[in-house]
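Report on the structure given below.
The values are calculated or read from the model by the stated rules, or taken from the named source; none is laboratory data. Predicted model only: the values in this text are computed from it and were never measured. In this analysis, Cβ positions are derived from the backbone assuming ideal geometry, glycine residues included, and neighbour counts consider all displayed protein chains. In case anyone asks, the SASA skips ligands and DNA or RNA and just uses the protein heavy atoms, side chains included. Shrake-Rupley method; radii C 1.70, N 1.55, O 1.52, S 1.80 Å.
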Amino acid sequence: MLTQERLREIAWEIGQNYPIPCATDTLVLNMVHPRLGHVHWHLRQESLDRLRAAAGEAGRRAPLAIRFYDVTDVVFDGYNAHRFFDIDVGGLSGSYYFGVDEPGRHRLAEIGIRCGDGAFRAAVRSATVFFDRDRAAGNFQLEGLFVSGGFKRVFPVENIFDAPAYERLNRELAGIAPRGSVSVAMLFVDPWAEADSPLRVLTTQLAERLRRFGGEVTQFATPPAGVQAHDADDPLATLDAAARPIYAALLAAHRERPFELLHAHDWYSAGVGLAAAEALRLPLILSLHSTEHERAQGNLSHPLAAAIVDRERAAVHGAEVVVVPHSATRQQVLSLFGAAGERVVVIPDIVDAGDAGRQGDPGEVKRNFQLNPQAPLVLFAAEVSHAAGADLLMEAATIVCRSHGTVQFAFAGDGPLRGELEARAWHVGLGYRCRFFGDVTQGMFDALLHACDFVVIPARTWQDAAVAQAAIDSGRPVLTTHQAGIRCVVHGQNGLVTYDNPGSIVWGVQELLANPLQASMRRLTAKKRATEAPSLESVTAQHYLLYEILLHRLEGAVRV
């Protein structure tokens, strides 16, 4: 009895010894891997003879060749390829492996004759083949789409690393039918708040994001400070005067299109929220971003502080749910105001994005340092010494600048080689592209780090990892050496690890100038921010969850 293995052997032997003759002209192009392609062909003699006859005298001795085209993003008509190259072939049938210098492109091939007059006459054309990328694509998006079970809720999200918040939202809302939309009046009454005050900005951004989740959010806010006169002797009277038009506008809006929830932020807005909740018989959510006990550091002897505490206490007892930013504030609300624990919910506030967000546009920072704002910047931040490899980077810079017309190098730090290297930069004509800043302040270093494209640590001996870690935390790749011993740099993930010689440094700088780690660095930065601090998206998701659960509870279906 023939086994499967023996049948396969017989089939292979038949194919080798009695191949099926090709009856048609064939040209097949394949990708072996992103940097290697393969083509095999068969051309009948009569097809070649017809080509030569059609070419006339120019085709008599024309060699048979395969022409490879780059047809990325074009509808190929035979003449509009980005570029091409030829290989001469010696037989009517055969195969050939060829190298690919630029992956991530669409290619096709034609077999024909290259005539003496320069024309190429093709007999057969292959199908178009995409030669894949040999590394992660640089186009990495953090945006996504939230789709709940049964497609009940679908909305866009800005940061896919907020997934845990959305998973919790999905679990909590699993048994609650979608309401279609939640109509919320958001109150911000603070006559002293500037236009860019953190709480004013937070409430505006929160309202915008809630609308994306399907909520109908209407904001009622006092104008920015400076628009109206204030009574410095009686701040509570000033607040009450500013609250009256907000209250009237809220009632008028409710008559036209009723709200389901009121959401007031801090004690400033609590008075309007309580009055409207009683008049309209609507549930009130109070967000206490801080308490007077926190702001006064426990000193409540001043009459104004005592009056504010009274208003906070009344608002806490009048609200259905109190939202606080952290557990310490929650404990104060429970102990100072006697609130029921199940009615106090912790939802973190949005924290500052960090120094990088305050530095502004990197191009503007470069301009402030008299650097080209449009050109890439490479940063060296260490002692300008032989041990730190400053001379290796200077030697690499002279080579890199020959092939890259705009790249700039910034040397932050002082040391025994500074004068020599600075003089060398001017001597070879790179003085304006290799800038030596000497010892810099922390603020200046932060600005240079924000402006640079990547950091180079080309050390010959062990180096402290602080600069590398700061760069990685800021989303900047790091080029370092094995000799530096910096373990936080992972080759190919958040930087490159080379050797302490100019050729290796040149390779690393040229690689990073092509920005191959853009996707991985954005991914790492997003993950870090998602785990270290709440994002606006996750905070919005938690508020949306709170709204729906509260309304469902008040309708008698569930208990929070």
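Would you mind getting the accessible area per residue of the stretch 1-86, heavy atoms of the protein chains only, 1.4 Å probe, in Å²?
Here the per-residue accessible area is 69 Å².
Could you please state, rounded to a whole Å, how far the C-alpha centre of the stretch 91-114 is from the C-alpha centre of the stretch 23-72?
After rounding, the separation between the Cα centres reads 9 Å.
Kindly report, to the nearest 10 Å², the accessible surface of residue 302 as traced by a 1.4 Å probe over protein heavy atoms only.
Rounded to the nearest 10, that gives 110 Å².
Using the heavy atoms of the protein chains and a 1.4 angstrom probe, tell me the accessible area per residue for the stretch 390-468 in square angstrom.
44
With charges only on Cβ, +1 for K and R and -1 for D and E, what is the dipole size of the stretch 375-442 about its Cα centre, in debye, rounded to 20?
My answer is approximately 300 debye.
For residue 247, what accessible surface area do you get with a 1.4 Å probe? Give it in Å², rounded to 10.
Its heavy atoms expose roughly 70 Å² to the probe.
Ignoring any ligand, DNA or RNA, what whole percent of the accessible area of the stretch 364-472 comes from carbon and sulfur when the probe is 1.4 angstrom?
52
With a 1.4 Å probe and all protein chains left in place, how much accessible area per residue does the stretch 245-367 have, in Å²?
47
Using a 1.4 angstrom probe on heavy atoms only, work out the carbon and sulfur share of the accessible area of the stretch 44-107 in %.
Carbon plus sulfur share of accessible area: 49 percent.
Would you tally the net charge around residue 277, using a Cβ to Cβ cut-off of less than 15 Å, leaving residue 277 out, and scoring K and R as +1, D and E as -1?
For residues surrounding residue 277, the net value is 0.
Alpha carbon centre of the stretch 448-496 versus the stretch 365-395: separation in Å?
Going from one Cα centre to the other spans 13 Å.
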